[in-house]
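The values are calculated or read from the model by the stated rules, or taken from the named source; none is laboratory data. This is a predicted model, so every value here is computed, not measured. Because the Cβ atoms are built from the backbone with ideal geometry, glycine has one as well, and the counts that use them run over all protein chains shown. Each accessible area value is taken on the protein alone, full model and side chains, heavy atoms only, with ligands, DNA and RNA left out. Shrake-Rupley method; radii C 1.70, N 1.55, O 1.52, S 1.80 Å.
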Amino acid sequence: MAAPGLMDKLVSLCKRRGFVFQSSEIYGGLGSVWDYGPLGTELKRNIKDRWWHSMVRARDDIEGLDAAILMHPKVWEASGHVSGFTDPLVDCKTCKSRFRADKLEDAQCPQKPSKHPGEHSTCQLTEPRMFNLMFKTFMGPVEESASVVYLRPETAQGIYVNYLNVLQSSRQKIPFGIAQIGKAFRNEITPGNFIFRTREFEQMEMQYFVKPGEDAEWFERWRVLRMAWHQELGLKPEKLRWHQHAQNELAHYARAAYDIEYEFPFGWQEIEGVHNRGNFDLTNHQNASGKKLEYFDQAANSRYLPEIVETSAGADRVTLTVMVDAYREEVVEGETRTVLGFNPSIAPIKVAVLPLVNKDAMPEMATALFNDLRPRFACFYDDGGAIGRRYRRMDEVGTPFCITVDGQSAEDQSVTVRHRDTMGQERVAITQVAAYLAERIVP
Ligand code: ATP
């Protein structure tokens, strides 16, 4: 049997250590829907917090928003999603499977040996037809067409329809942006690759409103900032690249679009899109709602519809990316250790506190230190098993620092700090531990 690939190992680690579980697993799972366990929740939250900090808190020109998932159905008519948010779908009359016509090379025919759809002599693919990706449901007690609402397929529209509310209440001036993190839903035809493409996911989106004619300049600025963000997250620069959308790839709303791609074990794939949307969205909402959405530029005494530059990243996709990027195996003294070498600022556990043995006042000292550190760092206390095994367990979930209270600790009030990546150890005075960690876990 072939050795398991990186994705198989990661999926199994995620389940074993509580990062990600299959949704409704006891009922056989629900297609391409996943749940985050204790460590996965922390990891994803840290990524979202980092994004929020750099987009909203650290800037004067971007405001936050948390719009509802359900919106007036006319929003999705005006945005073009009812008519245009479709993927081409083909059915196979032989195996009864469905595939995205434009992604056949990424799909697997269920027949053996493993091949792409259409490559077996028995495959019978239909002509492509368009399939709308929005989930529909009904609002209120009556299931009729008048009460159809959609689960939003992107968070952006909540920003556009609120842009004047935010502008006026925050007293911003153009150029300014609105950022939002929230769930989106897409009835993907061929989801897959673990949490890469799912039917329910979270987006981290920012829409930047600019004066007409300044869109191209801001588009370039945001491209630079967004690539830098991914690099600062710790992703290997050689695994990141730009993909420019050719004219025939451009979405219905875009003037220009670039994707930030990462090289996954299953190929180069988009993790974030940076789009120049022009005034497409505001024009459509203004026309469909009959409400003026123009900005009044006091200094120039003129009115205009702003143009929009969008940055749109998937929180789940970025979470998968950091796990793939951080995963490594090393042979140490004849044994393989698995390490998730996360940037310390996003590691789900920052510090593990470990009494070397459960006697000689070590547990008491370790507990006191643990309680001391806990308000400031995500900490974990572990007194179970040999110290080497405890270190390995922490390596596998990406904990950058392990602090061991040992026999010497009671004598000189010091502990051992053990580093995840180098496995190097150094002695630090107990009173200095918090400052030592703060210096190395830079947000
Ligand atoms: P793709 O071509 O992979 O379907 P897209 O071009 O439709 O993606 P956008 O609409 O630009 O994606 O969405 C912005 C971001 O949202 C993507 O870069 C991705 O990180 C995330 N995203 C989109 N669809 C999904 C999904 N089904 N599952 C997880 N994340 C997604």
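In segment 407-429, what count of residues is obtained for those that are out of contact with any helix residue (DSSP H, G or I) (no Cβ under 6 Å at 6 or more places or on another chain) and either surrounded by 17 or more Cβ atoms within 10 Å (Cβ to Cβ) or of a type outside the set (A, V, I, L, M) (or both)? Break it down into steps so the answer makes sense when it comes.
Within segment 407-429, the first condition is being out of contact with any helix residue (DSSP H, G or I) (no Cβ under 6 Å at 6 or more places or on another chain), and the residues that meet it are 407-408, 410-412, 414, 416-419, 421-427, 429.
The next check asks that each one be either surrounded by 17 or more Cβ atoms within 10 Å (Cβ to Cβ) or of a type outside the set (A, V, I, L, M) (or both); those that pass are 407-408, 411-412, 414, 416-419, 421-422, 424-427.
Residues flagged as out of contact with any helix residue (DSSP H, G or I) (no Cβ under 6 Å at 6 or more places or on another chain) and either surrounded by 17 or more Cβ atoms within 10 Å (Cβ to Cβ) or of a type outside the set (A, V, I, L, M) (or both) within segment 407-429 amount to 15.
Sort out for me the helices (runs of 4 or more DSSP H) sitting completely within segment 154-260 that have 3 or more residues that are of a type in the set (D, E, K, R) and open to solvent by 50 Å² or more (accessible area, probe 1.4 Å).
Result: 215-232.
So, of the residues in segment 12-48 that are open to solvent by 50 Å² or more (accessible area, probe 1.4 Å), of a type outside the set (S, T, N, Q) and under 14 Å from the mean Cα position of the chain (by Cα), which turns out to be nearest to L65 (Cα to Cα)? Full working, then the answer.
From segment 12-48, those open to solvent by 50 Å² or more (accessible area, probe 1.4 Å) are 12, 15-17, 21-22, 24-28, 30, 34-36, 38, 41-42, 45; that's our starting set.
Filter again for of a type outside the set (S, T, N, Q), leaving 15-17, 21, 25-28, 30, 34-36, 38, 42, 45.
Checking the rest, the ones that are also under 14 Å from the mean Cα position of the chain (by Cα) come to 34-36, 42, 45.
Numbers: W34: 25, D35: 24, Y36: 24, E42: 22, R45: 17 Å.
Among those that are open to solvent by 50 Å² or more (accessible area, probe 1.4 Å), of a type outside the set (S, T, N, Q) and under 14 Å from the mean Cα position of the chain (by Cα), it is R45.
In this structure, does A352 turn out to be of a type in the set (A, V, I, L, M), surrounded by fewer than 17 Cβ atoms within 10 Å (Cβ to Cβ) and more than 26 Å from G5 (Cβ to Cβ)? Show your work before the answer.
Numbers: of a type in the set (A, V, I, L, M): yes; surrounded by fewer than 17 Cβ atoms within 10 Å (Cβ to Cβ): no; more than 26 Å from G5 (Cβ to Cβ): yes.
When the stated conditions are applied, A352 does not pass them.
Residue by residue, here is whether (1) of a type in the set (A, V, I, L, M, F, W, C); (2) out of contact with any Lys or Arg (no Cβ under 7 Å at 6 or more places or on another chain); (3) touching a residue at least 24 places away in the same chain (Cβ under 8 Å) holds:
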{"residue": "D49", "(1), (2), (3)": "no, yes, no"}
{"residue": "H53", "(1), (2), (3)": "no, yes, yes"}
{"residue": "E77", "(1), (2), (3)": "no, yes, yes"}
{"residue": "F85", "(1), (2), (3)": "yes, yes, yes"}
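Out of all the residues in segment 44-52, is one or more aromatic (F, W, Y) and assigned to a helix (DSSP H, G or I)? Walk me through it before giving the result.
Within segment 44-52, the subset aromatic (F, W, Y) is 51-52.
From what's left, assigned to a helix (DSSP H, G or I): 51-52.
Yes, that holds for at least one residue.
Per-residue answers, yes or no, for (1) more than 16 Å from the ligand (Cβ to nearest atom); (2) without any contact (Cβ under 8 Å) to a residue 40 or more places away in the chain; (3) under 30 Å from W34 (Cα atoms); (4) outside any helix (DSSP H, G or I):
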| position | (1), (2), (3), (4) |
| --- | --- |
| N276 | no, no, no, yes |
| E310 | no, no, yes, yes |
| M323 | no, no, yes, no |
| R328 | yes, yes, yes, yes |
| R337 | yes, no, yes, yes |
| I349 | yes, no, yes, yes |
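For segment 1-39, what are the residues that are in contact (Cβ under 8 Å) with a residue 24 or more places away in the chain, closer than 13 Å to N193 by Cα and part of a helix (DSSP H, G or I)?
Hits for segment 1-39 are L6, M7, K9, L10, V11.
Filter segment 312-321 down to residues that are touching a strand residue (DSSP E or B) at 6+ places or on another chain (Cβ under 7 Å) and either open to solvent by less than 10 Å² (accessible area, probe 1.4 Å) or not in a strand (DSSP E or B) (or both), then give me how many there are.
6
Please go through segment 82-111 and give me each residue that is in contact with a Phe, Trp or Tyr (Cβ under 6 Å, 6 or more places away or on another chain) and of a type in the set (D, E, K, R), ordered by number.
The answer is D87, and nothing else.
Of all residues in segment 376-413, how many are under 26 Å from the mean Cα position of the chain (by Cα) and either within 23 Å of A435 (Cβ to Cβ) or free of Cβ contacts under 8 Å to residues at least 40 places away in the same chain (or both)? Break it down into steps so the answer makes sense when it comes.
Filtering segment 376-413 down to residues under 26 Å from the mean Cα position of the chain (by Cα) leaves 376-380, 393-401.
In the following step, the residues that additionally are either within 23 Å of A435 (Cβ to Cβ) or free of Cβ contacts under 8 Å to residues at least 40 places away in the same chain (or both) were identified as 376-380, 393-394, 398-401.
The qualifying residues number 11.
Could you list, in sequence order, the residues of segment 263-274 that are out of contact with any His (no Cβ under 8 Å at 6 or more places or on another chain) and within 11 Å of the ligand (Cβ to nearest atom)? It would help to see each step written out before you state the result.
So the first thing to find is which residues in segment 263-274 are out of contact with any His (no Cβ under 8 Å at 6 or more places or on another chain), and the list is 263-267, 269, 273-274.
Across segment 263-274, the qualifying residues are Q269, G273, V274.
When the residues of segment 181-216 are filtered to those that are under 16 Å from N279 (Cβ atoms) and acidic (D, E), which remaining residue is farthest from the ligand (Cβ to nearest atom)? Steps first, please.
Our first condition is that a residue be under 16 Å from N279 (Cβ atoms); within segment 181-216, this holds for 207-216.
Still in the running and acidic (D, E): 214-215.
Numbers: E214: 22, D215: 18 Å.
Out of the qualifying residues, it is E214.
Look at D102 and say whether it is in contact with a strand residue (DSSP E or B) (Cβ under 9 Å, 6 or more places away or on another chain), surrounded by 15 or more Cβ atoms within 10 Å (Cβ to Cβ) and touching a residue at least 12 places away in the same chain (Cβ under 8 Å).
On the way: in contact with a strand residue (DSSP E or B) (Cβ under 9 Å, 6 or more places away or on another chain): yes; surrounded by 15 or more Cβ atoms within 10 Å (Cβ to Cβ): no; touching a residue at least 12 places away in the same chain (Cβ under 8 Å): yes.
No.
In segment 121-153, what count of residues is obtained for those that are away from the ligand (no atom under 16 Å from the Cβ), open to solvent by 80 Å² or more (accessible area, probe 1.4 Å) and touching a residue at least 40 places away in the same chain (Cβ under 8 Å)?
So the answer is 2.
Do we have any residue at all in segment 242-257 that's touching a strand residue (DSSP E or B) at 6+ places or on another chain (Cβ under 7 Å), touching a residue at least 60 places away in the same chain (Cβ under 8 Å) and of a type in the set (K, R)?
The answer is no, given that none of the residues of segment 242-257 is touching a strand residue (DSSP E or B) at 6+ places or on another chain (Cβ under 7 Å), touching a residue at least 60 places away in the same chain (Cβ under 8 Å) and of a type in the set (K, R).
Restricting attention to segment 49-74, which residues are among the aliphatic types (A, V, I, L, M) and open to solvent by 60 Å² or more (accessible area, probe 1.4 Å)?
Of everything in segment 49-74, those that are among the aliphatic types (A, V, I, L, M) and open to solvent by 60 Å² or more (accessible area, probe 1.4 Å) turn out to be A58, A68, L70.
Scanning for something under 27 Å from V332 (Cα atoms), open to solvent by 60 Å² or more (accessible area, probe 1.4 Å) and not basic (K, R), does segment 387-406 turn up at least one residue? Can you show your working first?
Let us first name the residues in segment 387-406 that are under 27 Å from V332 (Cα atoms), namely 387-406.
Among the residues that remain, those that are also open to solvent by 60 Å² or more (accessible area, probe 1.4 Å) are: 389, 392-393.
The next check asks that each one be not basic (K, R); those that pass are none.
Within segment 387-406, none of the residues are under 27 Å from V332 (Cα atoms), open to solvent by 60 Å² or more (accessible area, probe 1.4 Å) and not basic (K, R).
From the list I174, I178, pick out the single residue that is more than 11 Å from the ligand (Cβ to nearest atom), over 19 Å from the mean Cα position of the chain (by Cα) and over 30 Å from C14 (Cα atoms). Show your work before the answer.
On the way: I178 fails: over 19 Å from the mean Cα position of the chain (by Cα).
Sole residue among the options that is more than 11 Å from the ligand (Cβ to nearest atom), over 19 Å from the mean Cα position of the chain (by Cα) and over 30 Å from C14 (Cα atoms): I174.
Would you confirm, using the coordinates I've provided, whether E294 is open to solvent by 50 Å² or more (accessible area, probe 1.4 Å), over 17 Å from the mean Cα position of the chain (by Cα), without any contact (Cβ under 8 Å) to a residue 40 or more places away in the chain and more than 16 Å from the ligand (Cβ to nearest atom)? Talk me through it step by step, then tell me what you get.
Details: open to solvent by 50 Å² or more (accessible area, probe 1.4 Å): yes; over 17 Å from the mean Cα position of the chain (by Cα): yes; without any contact (Cβ under 8 Å) to a residue 40 or more places away in the chain: yes; more than 16 Å from the ligand (Cβ to nearest atom): yes.
Yes, satisfied.
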